[in-house]
Amino acid sequence: MDAKAEKMRVPRTWLLIVLIGCGATPLSYFGYLQERGNFHPVSEARVYRSGQLSEDEMIAYLTRYRIRSILNLRGTNHGSDWYEDEVRVARRLGVLHYDYGISANRDVNDGDIKDILDLLARAPKPTLIHCKSGADRTSLVAALYLYAIEGKSPDEASKQFSILYGHFPYFWNS
């Protein structure tokens, strides 16, 4: 190998290490979010958000935060293990369970927004809002809650759309 080729090999190696490191960090964080259910407060002691929780996670969070209602944005899924576990745990703990299915890939219409806000306004607090990963649909409903019900500014409400919650709008939204 000549001297010029040897000089080029060292920067390429470091570039490869940096690129792998840059990719590993967000993937590690996303794995961490999923491992802890992506559970976060939206409005302390009023509304919380999460991804789909396991049965044990659900029991722990519902008990610890004294959650009194759940808004499942995945819709009714009778026969699915996750759904049956969630409904059973909610019933056992005396937590009201609401299903309102919306898509992560399609716009939510005005009627759905009104229905969801009405449901959130009357649901016993604290309320847990969740979808599958707790990133897109949950971010939307959490932001709507803050803006329309708590009267937060659009800037404050839009913080619910954050990479900190696993929301990556630039990668797969068209």
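Length gained on full extension, S162 to A60, computed as 0.36 nm times the residue gap minus the Cα-Cα distance: 34.2 nm. Note on K159: aspartates and glutamates with a C-alpha under 16 Å away, same-chain residues under 8 apart excluded, are E44, D136, E150.
Over the stretch 59-129, the pair-distance histogram of Cα-Cα distances with 5 Å bins from zero comes to 4, 15, 26, 23, 18, 11, 3 percent, rounded to whole numbers. Peptides 156-163, 105-112, ordered by how many other C-beta atoms sit within 10 Å of their residues on average, highest first, read 156-163, 105-112. The phi torsions of the stretch 101-110, fed into the Karplus equation with coefficients 6.51, -1.76 and 1.60 and a -60° offset, translate into couplings of x, 10, 8, 7, 10, 10, 4, 8, 7, 4 Hz, rounded to whole numbers, with Gly and Pro shown as x. Per the Cα gyration tensor, the stretch 95-174 maps to an equivalent ellipsoid with semi-axes of 20, 15, 13 Å, ordered largest to smallest. Per-residue packing, averaged as other Cβ atoms within 10 Å, sorts the ranges 126-134, 143-151, 66-74, 90-98 into the order 126-134, 66-74, 143-151, 90-98, beginning with the highest.
Only the coordinates and a few stated rules stand behind these numbers; no lab work does. Computed from a predicted structure; not experimentally measured. Ideal geometry is used to build each Cβ from the backbone, glycine not excepted, and the neighbour counts take in all protein chains shown.
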